Amino acid sequence: MPIRDTLTPLTNSRTLSRVAIYSTLMGMYALLAIWKEHTRYADFADFPAQIHAALTLVLGWLLVFRTNAAYTRWWEARTLWGSLVNASRNLSAKLFHLVDLPEESRRRMEKLIIAFPRALRDHLRRQPCDRETAKLLDDSEAGAHTPAAIVTRLYAELGRLKSERIVDANELRLIDVELRTMLDVCGACERILNTRIVRSYRTFARQCIALDLATFPWGIVESFRWWTVPLTMITAYFLFGLETVAEHIEEPFGFDEDDLDLDALCRGIETSVTQITNSASGRTRPLAETPV
């Protein structure tokens with residue numbers, strides 16, 4: 001419903017609730033401009049309304065670029081995790097249907113494939129890996145670069161199978177494509193995580209917002225009187241909101257409500273890999289819906 005989607009987030013969303021509080025404080029600040037109009041200082045701190053036309057033009061350029069740059073990072077991260085979903089499925093299908101693996105190797109590699117997205121999720125959130133993943137690795141591997149350690153284990157397992165002539169060179173080349181994709185996704189996600197938007201640009205955008213909002217009520221109070229308060233609150237709400245959302249989606253791997261739902265993606269990959277493994281061993285079950 002339009003009303004539910006418009007008004008409910010103000011109470012349910014931590015981000016928008018915080019923005020609403022900031023805009024309310026700006027409304028209280030606007031009361032100073034109204035109070036000034038009823039004192040002998042009515043002519044003090046009057047700003048021509050035209051100054052906001054120039055400020056709005058500059059601010060619009062800054063915020064458009066800021067928001068677009070942040071959303072581009074968020075969407076690239078989502079695309080990378082979509083590639084990881086596909087690579088995990090393709091790797092499972094190739095390993096468990098193309099190659100006649102021993103049951104022990106099949107189960108070990110299934111666990112490693114499922115563990116990779118979970119390890120990458122924890123790595124991007126700068127958290128230690130979960131217990132299930134740690135059980136698959138040595139202590140030294142679990143404490144280092146866990147996603148790389150898991151892929152290394154997969155390569156080591158494939159090398160052993162190749163030496164036993166269970167996997168031939170052509171099959172290994174096909175499987176290697178998906179393993180390289182997994183590491184490429186990891187590296188690209190690390191680039192997004194470790195390379196923030198230039199600090200100077202973020203500072204310029206915030207300075208411009210602060211200057212615009214600081215002068216806004218004083219420039220319109222003579223024309224709008226008591227309407228200055230709601231107009232200031234509305235303007236502040238959208239300016240603060242754009243900057244806050246841009247800051248959140250700039251780093252899309254955390255726990256904020258606007259970040260990627262990495263937990264759901266990990267569960268989806270686990271469901272897909274398990275279904276492919278079971279179908280290869282003759283134990284089929286329906287494939288749950290998986291985000292791509």
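A few points about this structure:
- The chain: Lys pairs at Cα distance under 27 angstrom, eight or more positions apart or on different chains: 6
- Column: log10 I(q)/I(0), Debye, Cα scatterers of region 147-284, q = 0.12, 0.17, 0.21, 0.22 Å⁻¹: -0.74, -1.08, -1.29, -1.34
- Each principal axis of the Cα cloud of region 76-124 was taken in turn, and the coordinate range along them, longest first, works out to 37, 19, 7 Å.
- Our coupling estimate for region 175-180, obtained by passing each phi through the Karplus curve with A = 6.51, B = -1.76, C = 1.60 and θ = phi - 60°, is 6, 4, 4, 6, 5, 5 Hz, Gly and Pro reported as x.
- Coil-residue trypsin sites (Lys or Arg not before Pro) of region 78-181, DSSP, other Cβ within 10 Å capped at 16: ARG125, ARG126, ARG165
- Cα long-axis angle, helix 50-93 against the chain (0 to 90 degrees, to the nearest 10): 10 degrees
- Value of relative contact order over the chain, rounded to a whole percent, pairs C-alpha under 8 Å and six or more apart: 36 percent
- Extending 7 Å from Cα along the Cβ direction at LEU57 and again at MET28 yields two label points whose distance is 3.6 nm.
- Dipole magnitude of region 103-155, debye to nearest 20 (Cβ charges: Lys/Arg +1, Asp/Glu -1, about Cα centre): 200 debye
- Overall form of region 105-224 per C-alpha gyration tensor (a/c, 1.5; a/b vs b/c): prolate
- Pairs of Cα atoms in the chain fall into 5 Å distance bins, from 0 up to the last occupied one, in shares of 1, 5, 10, 12, 12, 11, 9, 7, 7, 6, 5, 5, 4, 3, 2, 1, 1, 0, 0 percent.
- Along region 144-156 the Karplus relation, 6.51 cos²θ - 1.76 cosθ + 1.60 evaluated at θ = phi - 60°, assigns HN-Hα couplings of 9, 8, 4, x, 5, 5, 5, 5, 4, 4, 5, 5, 5 Hz to successive residues, with x for each Gly and Pro.
- Computed from Cα atoms, the angle from the helix 103-124 axis to the main principal axis of the chain rounds to 20 degrees.
Every number here is computed from the coordinates shown, using simple stated rules; none is lab data. Everything numeric in this text was worked out from a predicted model, so none of it was measured. No Cβ is skipped: glycine too gets one built from the backbone with ideal geometry, and neighbour counts run over all protein chains shown.
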